[in-house]
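Asker: A single structure is presented below for examination.
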Amino acid sequence: MKAWVLKNICDLRIENNPLSLVELPLPEPHNDEIRIRILCCGVCHTELDEIEGRTPPSSFPMTLGHQVIGLVDKAGTQSHRFKIGGRVGVAWIFMACGKCQNCTAGRENLCEFFRGTGRDANGGYSEYMLANEKFAYHIPEVFTDAQAAPLLCAGAIGYRSLNLTGVANGQTLGLSGFGASGHLVLKMATHLYPESKVIVFARNKTEQEFARLLGAYWAGDFNEQPPFKSHAIIDTTPVWNTILQSLLNLHAGGRLVINAIRKENVDKESLLAIDYSDHLWMEKEIKSVANIVREDVERFLELAARIPIVSEVECYAFEDANKAILDLKHKHVRGAKVLMMSR
């Protein structure tokens, strides 16, 4: 089978072909595993973090990709959850131990033995992959393959982030950054909190116009003054200066939720400008989002199908995996990017 693999860490500012297309043996499922014939896989900013070494793969070479849509091709002897030919998805959470205090308390995202799809186990930039059936999901029929892929990470982690804000209907929600996750959170929030106003901070006019098109009350640049402060803000950017701006734009007692596996180091020194009275005083909170649990994916897929929430996607041929990665790194994003398998 064909697969795109990462063989070593590299700098995407100078490397144009971070992934290598290789031929690998077809994997065989064992016990409660399923083999998935992949139809498409979303392209996520976490892949940039893996490639550039901020959250590197646990071994090399590694097949990246954790927003996987495909068909069950073969099942292990103890696998009975899915029918052969059924459409399934695989998300960022590839495995957790299921036995530690975090797992038994419903916090498998915090498990010491958490494994990420495409980082600690081969993922979806491939023709086939293996997954434990307990960590795969039925995909609602209402979505096309490409529409479904971003729901498994951008949507599910956005769902977790929104829940962690604690925002109530009628309170203002801010979104700092407006890529794959941001546009899905905006669609969620306008449905769940119809009396709330959503304001969006985005780096360019195209993203701002896209946000207004989807229902944002206001959209502007990070350094612009919004019409009012937010009760909660979700930050999905890879940089640090947006943290300072978000804290300035929070109400007293407000919460900033940082939805990022890692932040880049390019402007980390901007944190030295934090002023306690302006940025942190009045019981403002900062909370990170660590991974997801299976329940996040299941509940979000059900919610997305019911509303419905349809992802805005830009599709790339499987052969153009490196182009998709470089576009995500260097160009403005409208919605989500998805690799489509050639068949």
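Asker: Obtain the nm distance between the two label points defined at Asp278 and Leu12 by a simple spin-label model: each point lies 7 Å from its Cα along the Cα-to-C-beta direction.
Answerer: 3.1 nm
Asker: Based only on the alpha carbon positions, what is the Kirkwood hydrodynamic radius of the range 156-288, in angstrom?
Answerer: Averaging 1/r across every pair of different Cα atoms and inverting gives 14.5 Å.
Asker: For a label point 7 Å from the Cα of Ala168 along Cα→C-beta, name the residues of the range 226-248 whose backbone N is under 15 Å from it.
Answerer: Counting only backbone N, you get 231-232.
Asker: Excluding the sites themselves, what is the longest stretch of the chain that contains no GluC sites (Glu not before Pro) in a DSSP loop with at most 12 other C-beta atoms within 10 Å?
Answerer: After excluding every exposed loop site, the longest remaining stretch is 1-111.
Asker: Per 0.36 nm of contour for each residue apart, how much would the distance between Ser288 and Phe60 grow if the chain were fully extended, relative to their Cα-Cα spacing?
Answerer: 79.3 nm
Asker: With +1 on each Lys and Arg Cβ and -1 on each Asp and Glu Cβ, and nothing else charged, work out how big the dipole of the range 156-288 is about its Cα centre, in Debye to the nearest 20.
Answerer: That gives the range 156-288 a dipole magnitude of about 380 debye.
Asker: Something else: Among the listed pairs Lys263/Lys284; Lys99/Lys323; Lys7/Lys329; Lys83/Lys263; Lys263/Lys331, which have their C-alpha atoms separated by more than 29 angstrom in this model?
Answerer: Over 29 Å Cα-Cα: Lys99/Lys323; Lys83/Lys263.
Asker: Out of the DSSP beta bridges found with both residues in the range 95-228, what percent are antiparallel (nearest 5)?
Answerer: 10 percent
Asker: Describe numerically, in nm with one decimal, the distance between label points set 7 Å from Cα along Cα→Cβ at Asp267 and at Asp120.
Answerer: Using points 7 Å along Cα→Cβ, the separation is 3.2 nm.
Asker: Among Leu64, Leu130, which comes first, second and so on when ranked by fewest other beta-carbon atoms within 10 Å?
Answerer: By the 10 Å Cβ count, ascending: Leu130, Leu64.
Asker: Right, something else. Looking at the chain, send over the antiparallel percent of its DSSP beta bridges, to the nearest 5.
Answerer: 55 percent
Asker: Please give the charge dipole size of the chain, origin at the Cα centre, charges +1 on K and R Cβ atoms and -1 on D and E Cβ atoms. Round to the nearest 20 debye.
Answerer: For this selection, approximately 460 debye.
Asker: Along the charge dipole of the range 156-288, which of Thr206, Phe222, Leu247 sits closest to the positive end, that is, farthest toward it, with unit charges on the beta carbon of Lys, Arg, Asp and Glu (+1, +1, -1, -1)?
Answerer: Farthest towards the positive end: Thr206.
Asker: How big is the gap, in Å, between the Cα center of the range 1-58 and the Cα center of the range 109-154?
Answerer: If you average the Cα positions of each part, the centres end up 13 Å apart.
Asker: Something else now. Could you compute the longest span of the chain free of chymotrypsin sites (Phe, Trp or Tyr not before Pro) located in DSSP loops and having at most 14 other Cβ atoms within 10 Å, not counting the site residues?
Answerer: The segment 114-227 is the longest one with no such site.
Asker: His251 versus Glu314, label points 7 Å from Cα toward the beta carbon: distance in nm?
Answerer: 3.6 nm
Asker: If neighbour count is taken as other Cβ atoms inside 10 Å, put Lys74, Lys197, Lys331 in order from fewest to most.
Answerer: Going from least to most buried by this count: Lys331, Lys74, Lys197.
Asker: Dipole size in debye (nearest 20) for the range 13-148 around its Cα centre, Lys and Arg Cβ +1, Asp and Glu Cβ -1?
Answerer: 360 debye
Asker: May I ask you to work out the translational diffusion coefficient for the range 51-203 at 25 °C, viscosity 0.890 mPa s, via Stokes-Einstein with Rh from the Kirkwood sum over Cα pairs, reported in whole µm²/s?
Answerer: Answer from the Stokes-Einstein relation: 142 µm²/s.
Asker: Please work out, to two decimal places, the log10 of the ratio I(q)/I(0) at q = 0.11, 0.17, 0.21, 0.26 Å⁻¹ from a Debye calculation in which every Cα of the range 267-343 carries one identical scatterer.
Answerer: -0.61, -0.99, -1.03, -1.12
Asker: Let me ask another. Per DSSP H run of at least 4 residues, take -39500 (n - 2.57); add these up for the chain, divide by its residues and hand me the 222 nm value, nearest 500 deg cm²/dmol.
Answerer: -6500 deg cm²/dmol
Taken together, the values in this text are just the output of simple stated rules run on the coordinates, not laboratory data. None of these values were measured; they are calculated from a predicted model. Ideal geometry is used to build each Cβ from the backbone, glycine not excepted, and the neighbour counts take in all protein chains shown.
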